[in-house]
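This report concerns only the one structure given below.
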Amino acid sequence: DAGVIQSPRHEVTEMGQEVTLRCKPISGHDYLFWYRQTMMRGLELLIYFNNNVPIDDSGMPEDRFSAKMPNASFSTLKIQPSEPRDSAVYFCASSFRPRRYEQYFGPGTRLTVT
Amino acid sequence: AQKVTQAQTEISVVEKEDVTLDCVYETRDTTYYLFWYKQPPSGELVFLIRRNSFDEQNEISGRYSWNFQKSTSSFNFTITASQVVDSAVYFCALSVDGGSQGNLIFGKGTKLSVKP
């Protein structure tokens, strides 16, 4: 079975550029999560969707970040404009009833903003 | 408020040693779920186990075992006869029924290095 798929795996961009990260959740999972991992802050939940609808975006750091889920099999996280402090590994995860069931994580996108 | 504490930042052992990773959680909810994830050097997060608050039975899976004790609010993870491939960062996490659906609270992680 295919797991959570993320692309690209690595992204290097210059400050001020737009960055789009992509995620395909596991088929049948109705929850999708975006996390950010840094050495300083560990794993942080940015936003999550249920049935393609954003439920909680309180973790999104600022207006430069936006996320969409146009259908059950695709989500994007966009940063515009990007800044060096956005450098991190961004994970997408999906789940079925996440309180009670585990979230399955994608391989992550390592973003470097120079 | 909920919290997960992994007091051991780094542990180093020699292959074939047994090692226990500690996890202490805090919550006032009576229904909650505990998880362990492994993050190997390649970076992905791999789910290992889920436990709910009503099931205090210990779990064994091969060389891995988990000890859940509500009396001490702990959910410790033991690797028996460790191998180099066990080298990774291990995260303990908590979710509660009364919280946000997406609120999977992670500990800071314990970095395990297994040397040959």
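Throughout, read-outs are computed from the coordinates displayed, never taken from laboratory work. This is a predicted model, so every value here is computed, not measured. Cβ coordinates were reconstructed from backbone atoms using ideal geometry, including for glycine residues, and neighbour counts include every protein chain displayed.
Longest stretch of chain A clear of exposed loop sites (GluC sites (Glu not before Pro), DSSP loop, at most 13 other Cβ atoms within 10 Å, sites excluded): A:63-114.
Across peptide B:37-49, the mean count of Cβ atoms from other chains lying within 10 Å of each residue's own Cβ comes to 4.
In debye to the nearest 20, how big a dipole does the protein assembly as shown give about its Cα centre with +1 on each Lys and Arg Cβ and -1 on each Asp and Glu Cβ? Please list the in-between numbers first.
Working: 24 positive and 26 negative charges, 26 e Å.
Value, rounded to 20: 120 debye.
Remark on chain A: hydrodynamic radius 13.9 angstrom, per the Kirkwood mean of 1/r across alpha carbon pairs. Residues of the stretch B:75-96 with the amide nitrogen closer than 15 Å to a label point 7 Å from the Cα of residue B:14, along Cα-to-Cβ, please. Correct set: B:81-84. Sort out for me the Cα centre separation of the stretch B:49-116 from the stretch A:62-92, rounded to whole Å. What the calculation gives is 29 Å, centre to centre. Among the trypsin sites (Lys or Arg not before Pro) within the stretch A:1-53, those in coil by DSSP and having at most 15 neighbouring Cβ atoms inside 10 Å are A:9, A:41.
Using just the alpha carbons, could you tell me how many Å³ per residue the convex hull of the protein assembly as shown encloses?
Working: hull volume 29.0 nm³, N = 230.
Output value, Cα hull per residue: 126 Å³.
Taking 20 Å as the cut-off, the amide N atoms of the stretch A:72-114 that come nearer than this to a point 7 Å along the Cα-to-beta-carbon line of residue A:15 belong to A:79-89, A:111-114.
Based on DSSP, what percent of beta bridges with both residues in chain B are antiparallel, to the nearest 5? Write down the numbers at each step before the final one.
On the way: 35 of 40 bridges.
Antiparallel bridges: around 90 percent, rounded to the nearest 5.
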